[in-house]
Amino acid sequence: MDDLRDKYISLISEAGDEATLEDLRVQAVGKKGEVSLKMRELGKMTPEERQEAGPKLNALKDEINSALAAKKAALADAALDERLKTEWLDVTLPGRPRRSGTIHPVSQVTEEVTAIFADMGFSVAEGPQIESDWHNFDALNIPGHHPARAEMDTFYMHRAEGDNRPPHVLRTHTSPVQIRSMELQGAPLRVICPGRVYRADFDQTHTPMFHQVEGLAVDTDISMANLKWCLEEFVKAFFEVDSVELRFRASHFPFTEPSAEVDIRCSWEGGTLKIGEGDDWMEILGSGMVHPKVLQAGNIDPDRWQGFAFGIGIDRLAMLKYGIPDLRAFFDSDLRWLRHYGFSSLDVPTLHGGLSR
Ligand code: PHE
């Protein structure tokens, strides 16, 4: 037993790696190891012999096991020391250039529009995308039977079984924010309200979710002439040109009277979209003088106050300005598209620094 002990303790202390240790473990205390075989011989001994040899063998087995464990820990420490000596990091090296994300054209255009209207004294207001049917329709003078409710291809939210209140809707336009702003701020008022809107519609220039920016100005002395001037100034500033050809078309919206839609001259030739030339027109906004009933719904006295309002399609502005021919690609999250049409996150659009570069 002493020989076995000396042999294994010295072999273990000389072992240079974990694999050698494992071999030694098998040789000594594995199922068919030398110590284990000795333990089997206990059966052939007399009870007296066994009483002496049994505890000694057990102690030997324990001793070898703890020598193995201690050596294993020592080897691991040594390996770590070795690694720490060779693996090191120079924290003064320059960082690796990483490809950074880009600003989506919709965000870019929203910022550009905001910068232009902020310069004209408009502040930004927001409203919920899941809107009450009252704010989206009734308050805007679109009663229950009105065809505009059907025309807008509305997405209705579910109500619980037995709940007969009118369902909420995904807002079909940003016009409900007119009502919310009037309720909240009263007159006089000058706000723009950018945000997402929803309609069940899908083709090259329509997606079920798209973006609008609403404008609303309420004061005691506001006319259609102010509206027209604002929109012309806006379009020139936005497209960064001295003049753009606009077409004001008489139109109808329940919430404005009179109403006008505005188109911009463009061409689609060869699959590319260009503004300011060609024989096509793209509708970019609806507008008009706020209907007295709408002022009333917003708790503003229509005998004292008047206002103009407009709703611009942000995505369409982006298509026109940046020559993006298909609206559907805006929301595909295709990285190649995003890299191609995206904007640097460091170039924030401002009127003094330039809207787009
Ligand atoms: N809400 C209208 C639409 O989505 C646009 C509009 C806004 C028209 C404000 C007039 C005044 O088509």
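Could you figure out which of (1) in contact (Cβ under 8 Å) with a residue 12 or more places away in the chain; (2) open to solvent by 50 Å² or more (accessible area, probe 1.4 Å); (3) assigned to a helix (DSSP H, G or I) isn't true of SER345?
(3)
How many of the residues making up the stretch 270-296 are at pLDDT 95 or above and open to solvent by 20 Å² or more (accessible area, probe 1.4 Å)?
Matching residues across the stretch 270-296 total 5.
Out of curiosity, is GLU131 open to solvent by 30 Å² or more (accessible area, probe 1.4 Å) and either modelled with pLDDT of 95 or more or not aromatic (Phe, Trp, Tyr) (or both)?
no
Run down ARG159, ARG180 and say which single residue is under 29 Å from PHE122 (Cα atoms) and away from the ligand (no atom under 13 Å from the Cβ).
ARG180
Would you mind telling me which numbered condition in (1) β-branched (Val, Ile, Thr); (2) within 15 Å of the ligand (Cβ to nearest atom); (3) part of a strand (DSSP E or B) VAL294 fails?
Result: VAL294 fails condition (3) only.
Can you tell me which residue within the stretch 218-253, out of those that are crowded, with 18+ Cβ neighbours inside 10 Å and farther than 17 Å from LEU317 by Cβ, is nearest to the ligand (Cβ to nearest atom)?
The residue in question is PHE253.
Could you check the stretch 67-93 and list, in sequence order, the residues that are outside the structural domain of ALA19 (by TED's automatic domain parsing) and touching a helix residue (DSSP H, G or I) at 6+ places or on another chain (Cβ under 6 Å)?
none
Across the stretch 134-166, what is the total count of residues that are part of a helix (DSSP H, G or I) and either surrounded by 11 or more Cβ atoms within 10 Å (Cβ to Cβ) or within 30 Å of the chain's Cα centre (by Cα) (or both)?
9
Hey, among the residues in the stretch 259-274 that are under 23 Å from PHE308 (Cα atoms) and touching a helix residue (DSSP H, G or I) at 6+ places or on another chain (Cβ under 7 Å), which one's nearest to the ligand (Cβ to nearest atom)?
Restricting to residues being under 23 Å from PHE308 (Cα atoms) and touching a helix residue (DSSP H, G or I) at 6+ places or on another chain (Cβ under 7 Å), the top hit is VAL262.
Based on this model, can you work out whether GLY286 counts as out of contact with any helix residue (DSSP H, G or I) (no Cβ under 9 Å at 6 or more places or on another chain) and in a helix (DSSP H, G or I)?
Details: out of contact with any helix residue (DSSP H, G or I) (no Cβ under 9 Å at 6 or more places or on another chain): yes; in a helix (DSSP H, G or I): no.
Criteria not met by GLY286.
Going by what's in this entry, would THR20 be described as over 20 Å from ASP2 (Cα atoms), surrounded by 15 or more Cβ atoms within 10 Å (Cβ to Cβ) and among the β-branched types (Val, Ile, Thr)?
yes
Might you check whether a residue that is in a helix (DSSP H, G or I), open to solvent by 20 Å² or more (accessible area, probe 1.4 Å), under 22 Å from VAL109 (Cβ atoms) and within 13 Å of the ligand (Cβ to nearest atom) occurs anywhere in the stretch 315-325?
Yes.
Output the number of the condition that GLY121 fails; it satisfies all remaining conditions of (1) touching a strand residue (DSSP E or B) at 6+ places or on another chain (Cβ under 9 Å); (2) at negative phi; (3) outside any helix (DSSP H, G or I).
(2)
The values are calculated or read from the model by the stated rules, or taken from the named source; none is laboratory data. Everything numeric here is computed off the predicted structure, so don't read it as measured data. Cβ: placed from backbone, ideal geometry, glycine included. Neighbour counts: every protein chain shown. Note: accessible area is taken over every heavy atom of the protein model, side chains too, but ligands, DNA and RNA are not part of it. Shrake-Rupley method; radii C 1.70, N 1.55, O 1.52, S 1.80 Å.
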